[in-house]
Amino acid sequence: MDTIGIGFGMLMAFFLGVAHAQDDPRLHPGELRVVDVTRAGLKEIVPGAVYMRHWFGTHQSTALFEFPASAGSDTGLALHSHGSEMAVQMVGDSSIVDERGRHYPVRQGDVILVKANVRHTGTFGANANRILSVVTPPRPEYADEDGNAYFPGHGQPAVAAASARPADAGSAVRTLFNLQNVEASLLPVGSDSLAFRHWHGQDVSVAVTRLRVGQTGHLRAAHAVHGEEVTFLLRGTMTLTQGDGAVLTAHAGQLVMLPPYRAHSAACLTDDCLLLSWHTPRRDEWGAEGSLPDVRFASTGGGAVTGAAYAGCPCQQGQPGKQQQ
């Protein structure tokens with residue numbers, strides 16, 4: 001009876017997840033997208049202090065923030081919390097302050113994970129800051145993409161508020177690596193044509209992948225389907241093809257949103273490509289951090305698969321991948 005109850009609960013969660021993705025008008029369920037994460041189109045959210053733009057995927061929201069040098073170190077941003085966040089400090093240095101007043105310095109090029117549901121805020125020095133952020137589940141306070149997002153607590157003394165909360169929810173921030181030196185730490189997979197490394201959060205995984213031209217050209221990556229992925233192309237040019245035939249091209253500095261559980265393939269068009277990717281749910285099949293998983297550039301043969309990002313993908317059962325050259 002317990003097994004039946006658990007199975008029914010999982011089934012209900014699956015259908016509720018699908019309904020949420022379909023019913024939330026902000027989201028783009030199942031859509032393969034390439035977006036420009038540049039200063040163009042940033043909107044003023046807090047006068048003279050915060051500019052941003054945001055985009056939605058199936059079960060995540062991505063935002064680009066800019067804090068101009070003229071904003072100074074006290075922008076009056078209050079404590080707030082949300083789901084798991086990967087943040088990339090693209091320009092400048094900042095500091096995250098958690099609900100106990102602990103400061104976590106973030107340097108230019110750092111890639112960090114912010115723990116879900118831990119109240120935190122940010123402070124910024126004299127230099128301009130630009131930060132890329134991916135959060136799951138999507139930020140509820142964000143409007144539609146063509147609207148202005150709400151940045152929490154303008155006018156509140158956030159650091160003082162943080163010091164006033166004694167409850168300890170654990171360390172809020174983990175610095176994974178810096179973009180300036182992460183490439184040297186990548187682990188080769190079979191040959192120098194492919195190098196890879198990954199890190200795990202509570203419910204997300206982060207990976208850095210490098211593809212280089214080998215003696216027989218590039219590896220043609222026909223991936224097994226998996227959960228939702230957001231990839232920031234740090235170097236190179238790639239094409240991405242979805243199981244339904246949709247083809248998009250991404251260049252360095254652009255971001256790709258790959259919907260969950262839809263077969264897709266990718267090809268690097270330049271001498272090399274360097275990718276930073278965020279995944280939900282967590283890619284436990286990669287194994288422990290520091291180990292080299294069986295990174296298969298594989299095809300399930302299952303075509304497009306629809307469903308909630310947090311449900312298990314049935315197309316992966318009993319269909320081992322084949323190495324693609």
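Tabulated results
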item	result
Distance between modelled label sites at residue 187 and residue 251, nm, 7 Å Cα→Cβ extension	3.5
Packing-based ranking, highest mean first, of 238-247, 128-137 given that Cβ atoms within 10 Å are counted	128-137, 238-247
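Computed from the coordinates by the stated procedures, all read-outs in this text should not be read as laboratory data. This structure is a prediction, so every number in the text was calculated from the model and none was measured. Note: ideal-geometry Cβ built from the backbone for every residue, glycine included; neighbour counts use all protein chains shown.
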